[in-house]
Amino acid sequence: MLNDSYIMGRLILPIIMIIILGIMIYFHRRQSLKYLYIGNIVVYLVAILSYFILDVWGVSVYHTVVAIVWVIAIFVAYPFTIVSVSAFLIEQAQRHLWAKIVIIIAVIASIVATILVILWIVVVGVAITTTFS
């Protein structure tokens, strides 16, 4: 299991996100946002447990079912984390300057990332066009 080349995204990153979500629950323990964070932790735990089951069982009859559960859990957990962290920062920005600064940095980073993706698509498109002409 520890020799898996994808262990960072399958095990370590979900554990780190569970810890971060636990800290967010501590700050919002008296608000309804804690249920959003708890739901996200449950999805990460399902992904981690199904990853361990896939690693231990190997190929069996239930392999495809557990693999589908793992894929669904991972593809639900990561966007769910973006929503959770965004909700946490927006709620904190109402009271704290540091959260406003983090939101501004995130907006600038997403604008730069969007521009880089568009440029990459244009460069790849030009490369493909020149290759086949």
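A few comments on the model shown:
- Test: residue in the stretch 66-74 that is without any contact (Cβ under 8 Å) to a residue 40 or more places away in the chain, among the aromatic types (Phe, Trp, Tyr), open to solvent by less than 70 Å² (accessible area, probe 1.4 Å) and closer than 21 Å to Pro14 by Cα: yes
- Residue within the stretch 96-112 that is open to solvent by 60 Å² or more (accessible area, probe 1.4 Å) and closer than 30 Å to Phe52 by Cβ present: no
- Selection status of Ser60, free of Cβ contacts under 8 Å to residues at least 24 places away in the same chain and either under 20 Å from the mean Cα position of the chain (by Cα) or within 13 Å of Pro14 (Cα to Cα) (or both): no
- Checking the stated criteria, Val56 turns out to be open to solvent by 30 Å² or more (accessible area, probe 1.4 Å) and in a helix (DSSP H, G or I).
The values are calculated or read from the model by the stated rules, or taken from the named source; none is laboratory data. Since the structure is predicted, the reported quantities are computational estimates derived from the model, not experimental observations. As a convention, Cβ positions derive from the backbone with ideal geometry for all residues, glycine included, and neighbour counts pool all protein chains shown. Heavy atoms of the whole protein, side chains included, go into the accessibility calculation; ligands, DNA and RNA do not. Shrake-Rupley method; radii C 1.70, N 1.55, O 1.52, S 1.80 Å.
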